[in-house]
Each structure stands twice: as structure tokens, then as C-alpha cells.
Amino acid sequence: MDAGLTILRNGRLATLARSHPGLGVIERAAVVISDGRILYAGPQADVPRASSSGACVIDLEGRWVTPGLIDCHTHLVHGGNRAREFEMRLKGASYEEIARAGGGIVSSVAATNALTVEELVGEALPRLDRLLSEGVSTVEVKSGYGLSVENELKMLRAARALEHFAPVRIVTSWLAAHATPAEYKGRNGDYITDVVIPGLRLAHTQGLVDAVDGFCEGIAFSPAEIARVFDVARELGLPVKLHAEQLSNLGGARLAASYGALSADHLEYLDEDGVAAMADAGTVAVLLPGAFYALNETKKPPVAALRKAGVPMAIATDCNPGTSPLTSLLLTMNMSATLFGLTVEECLAGATREAARALGLLSETGTIEVGKSADLAIWDVESLAELVYRIGFNPLHLRVFKGQRIAS
Ligand code: DI6
Ligand code: FE
């Protein structure tokens, strides 16, 4: 008898496996879990007999099962909030004006640097809980509100610590090239030399960083500046990703693709050239409708061109205090459909399989397939489209993380 054996029976699976058409639906299905991994996922009638003896059997009563959701782009760890700037924007100030006047990212830096690791964890946990309550199993967390070596490392320590406080897989990104701190105003190059690159080397040595990110934008860093950081990432063997083409087109997506980036994110101003470069490099397009919505943007990412070129599309909350104070991946799915025109299938794939791809984790999670981590979400819905269609409703019945059942 295998002590760690669990059988989920009488479910309807959306495996999202590429080898199955569409969502990979299997009716009257079972999932067999052993030691936190998927041992079998398929028709109930074909469950290997040997695996049933002594197993803990759970009847799903016909409920839908999807892969555990994945939020592949967040700034979950930060201090304070920017409700005040929200009010300023309601009165007509633009995001860029506020940033140039010393607000924006830099104001979150002061609030973040005032906190200890423990306090940062304490502020992030309620946000994390909201995500997990909707079936999320994996969350990417960026640095980027420290802007000094010590404070950027502190943010990543807080991000890593979240795994000790909640059943979740955390993936970290080094985003020191997010904004220029006041003391380096007008000296981006020096900031990269003094802080971004030495900090990255230290974070890597300390095992704090899984990938390297940057903000390529007129109010942030140029492609040439980002390239300096990406060169170091390459030397260290770390994958890269980039905030690109969010407020203007600087060719960031093309730059990211030339480094074989896992993803380029935002992409409202992406052009045909950028689409083609991403397609060639297999770079995932991470769409962030929360920021588009909160900034009241009108320029949409070129979804039809991405689709036509076969660029994989993921979606994420971009949870951050400035442009996307959003802690719901279900609402993100709804926004992706309503605002960006993604299909139900693209929304579900975007929050599971393609999000895993964007994190380089596709062999570990993101689909329901034999050998992967048993990360599942079990839903009280009649059809999968309901997960995308409802606004502000959470039909999660149960979450399974690494084979452990976690009541919602
Ligand atoms: N793009 C964004 O939308 C966030 N960061 C980024 O690079 C904004 C972060 C903030 O305003 O605090
Ligand atoms: Fe972001």
C-alpha cells in the first residue's frame, strides 16, 4: 500500500495538455496522485487496478477539475498602497505625470524600504490569500520597489519566505531595473553599474532569484540599458523577461526575444516586428488587463496578430500598488476576454499552461499530465466558461497543491 496515494474520482477534467485538442476535456475521469505527483489522469474506467488498493478515494461528484492556476506576473511584495495617486488620476493627472513628479513607483519604494522582511511578508500574505482562494498554486513575485542592493534582496527574501506561510510555489524575478531612485536621477547607467548588476550577482549567489526582469519604457530604462542587465543574466544562466511596449514602443519585445526571453509582458504598443521576433524566439506574450483597465488605457495589445503568429499568450494580475491593485486571477480572465477579446479557451490556457510556460515551469505544472506536480483546482460550475464569464464570484470547491487537499 502506498501511504501517499489519493484517487479523485467522478470528475470532469480539463487537462489543458497540448496532446489533447482544445481544453483536453475528459468526462467521467479520475486523477490518481502519489507522493504529490500525478500518477494517472484519464477515464475512470481505466484507472490502473493496482493503484486502487489502500488509496484515499475522494468523490468529486461530477465537478470540473483544471490545473491549479498560475499568476505569472506580480509585484505582490511591496509596502503601502497608492490610493492617494488613484484619487489624483481620477482628477485628471496622468500616470506618467505622477511618476515624473516623484510619485509612482518611487513612492512605493519609500513605503517598501521602511519595512522589515517580516513586515513585508505580513503585508503580502492577505494579497496572496486572495489569489490562493481562487485556485492559484503558483505565483511569480518580482523585486523592484527596493532600488538598492540591500532592499532589493530584502524583497526577494520576503517573496521566498511566503512559501513557508502558505501552500504555494513562489517564483522570483530580479526587477531592480524598474525605476531610477532619486539619488541616481538622470544617471541610469550608474544605477545599473552600482546597484542592478552587483545586486543581481549577489541575489544569484544567495539563491534568491529565478529570472531577470526589467521595465523598458521612456519613464524607466532604454533597450541598451536593459541589454547590459540581460548580458549578466545570460552569463549567470538565468532566464530573462521584460515589461515591454506598455506605454510606448521602444522595441523592448524584440530585445527580449533576441535574448530568448521566457516572456515579454504588457505589449499594448507591440508592432508586427515585435510579434514576429517573439514568434521566432518562442517568447510568451503575458497580457495584463488589470493595468490596462486601471490606467484607463485605450490601446489594446495586438491579440489577433499574436494569435495569427502562434505566439503563446498568458495572462496575469500584475498585482502592484500603482497600476494594478488586483488580486483576482478569475477577474483577470474575465477582463482578458471582455477587454482584449481572448476566447474562454485562451483565458483558461493563459492562466495555466501558458503561464507555466512563461515561468519555464511547463515540465512541472500548468497541465494535468502524468509525472507533473498534483496542482489542481476543483470548481462548482456547470461549464468551464462560467469561470471566465462571472464577475466577482468565486466558485472554487477545493484546491490541491502538490497532492495536498486544501479547503477553499
Ligand atoms: N509596469 C507596471 O504596470 C508596474 N510596473 C511596471 O513596470 C507599475 C508599478 C507601479 O506603478 O508601482
Ligand atoms: Fe508589472
### Query
Out of all the residues in the range 257-274, which are of a type outside the set (Gly, Ala, Ser) and either surrounded by fewer than 24 Cβ atoms within 10 Å (Cβ to Cβ) or in contact with a Lys or Arg (Cβ under 8 Å, 6 or more places away or on another chain) (or both)?
Tyr259, Leu262, Asp265, Glu268, Tyr269, Asp271, Glu272, Asp273
### Query
Out of the range 149-169, which residues are in a strand (DSSP E or B) and within 16 Å of ligand 2 (Cβ to nearest atom)?
none
### Task
Return the only residue of Arg37, Arg18 being more than 22 Å from Glu382 (Cα to Cα) and in contact with a helix residue (DSSP H, G or I) (Cβ under 8 Å, 6 or more places away or on another chain).
Arg18
#### Entry: Any hit, the range 245-257, residues being of a type outside the set (D, E, K, R) and more than 23 Å from Thr180 (Cα to Cα)
yes
## Note on the structure
From the option list Arg37, Arg89, single residue qualifying as surrounded by fewer than 22 Cβ atoms within 10 Å (Cβ to Cβ), within 13 Å of ligand 1 (Cβ to nearest atom) and among the basic types (Lys, Arg) is Arg89
### Query
Of these, Ala355, Ala377, Ala337, which one is under 17 Å from Ala14 (Cα atoms) and either open to solvent by 30 Å² or more (accessible area, probe 1.4 Å) or assigned to a helix (DSSP H, G or I) (or both)?
Ala355
### Message
Looking only at the range 315-334, count every residue that is more than 9 Å from ligand 2 (Cβ to nearest atom) and either part of a strand (DSSP E or B) or among the aliphatic types (A, V, I, L, M) (or both) and tell me the total.
### Response
6
### Task
Please find, among Leu175, Leu200, the residue that is more than 16 Å from ligand 1 (Cβ to nearest atom), surrounded by 15 or more Cβ atoms within 10 Å (Cβ to Cβ), within 25 Å of Ser107 (Cβ to Cβ) and not aromatic (Phe, Trp, Tyr).
Leu200
### Message
Show the residue pairs meeting these rules: Cβ distance below 7 Å; 6+ apart or different chains; first residue within the range 261-272 and under 17 Å from Glu297 (Cβ atoms); second residue surrounded by fewer than 24 Cβ atoms within 10 Å (Cβ to Cβ) and acidic (Asp, Glu).
### Response
Glu268/Glu297
#### Entry: So Thr74, is it within 13 Å of ligand 1 (Cβ to nearest atom), closer than 23 Å to Asp375 by Cβ and either open to solvent by less than 20 Å² (accessible area, probe 1.4 Å) or under 28 Å from the mean Cα position of the chain (by Cα) (or both)
yes
#### Entry: Residues (within 16 Å of ligand 1 (Cβ to nearest atom), open to solvent by 10 Å² or more (accessible area, probe 1.4 Å) and more than 12 Å from the chain's Cα centre (by Cα)) located in the range 324-334
Pro325, Leu326
### Task
Spot the failing condition for Asn320; the list is (1) touching an Asp or Glu at 6+ places or on another chain (Cβ under 8 Å); (2) surrounded by 24 or more Cβ atoms within 10 Å (Cβ to Cβ); (3) more than 29 Å from Arg37 (Cβ to Cβ); (4) not acidic (Asp, Glu), and only one is missed.
(1)
## Note on the structure
Residue set Pro43, Pro126, Pro48; condition surrounded by fewer than 16 Cβ atoms within 10 Å (Cβ to Cβ) and closer than 25 Å to Leu208 by Cα; output residue Pro126
### Summary
Counted residues in the range 275-303 being in a loop (DSSP other than H, G, I, E, B), closer than 29 Å to Leu236 by Cβ and open to solvent by 20 Å² or more (accessible area, probe 1.4 Å) come to 1
### Message
Going by what's in this entry, would Leu238 be described as open to solvent by 10 Å² or more (accessible area, probe 1.4 Å), within 12 Å of ligand 1 (Cβ to nearest atom), touching a residue at least 12 places away in the same chain (Cβ under 8 Å) and aliphatic (A, V, I, L, M)?
### Response
no
### Message
Take the conditions open to solvent by 10 Å² or more (accessible area, probe 1.4 Å) and at positive phi and apply them to Gly366. Does it pass?
### Response
no
### Query
Name the pairs: first residue in the range 188-203 and touching a residue at least 40 places away in the same chain (Cβ under 8 Å), second residue crowded, with 23+ Cβ neighbours inside 10 Å and assigned to a helix (DSSP H, G or I), Cβ to Cβ under 8 Å, at least 6 apart or on different chains?
Val195/Glu152; Gly199/Glu152; Ala203/Glu152; Ala203/Leu156
### Query
How many of the residues in the range 90-103 are out of contact with any Ser or Thr (no Cβ under 9 Å at 6 or more places or on another chain) and touching a residue at least 40 places away in the same chain (Cβ under 8 Å)?
4
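The values are calculated or read from the model by the stated rules, or taken from the named source; none is laboratory data. What you see is a predicted model, and the numbers here were worked out from it, not measured in a lab. A quick note on method: Cβ atoms are made from the backbone with ideal geometry, for glycine too, and the neighbour counts reach across all protein chains shown. The accessibility values were calculated without ligands, DNA or RNA, using every heavy atom of the protein model including side chains. Shrake-Rupley method; radii C 1.70, N 1.55, O 1.52, S 1.80 Å.
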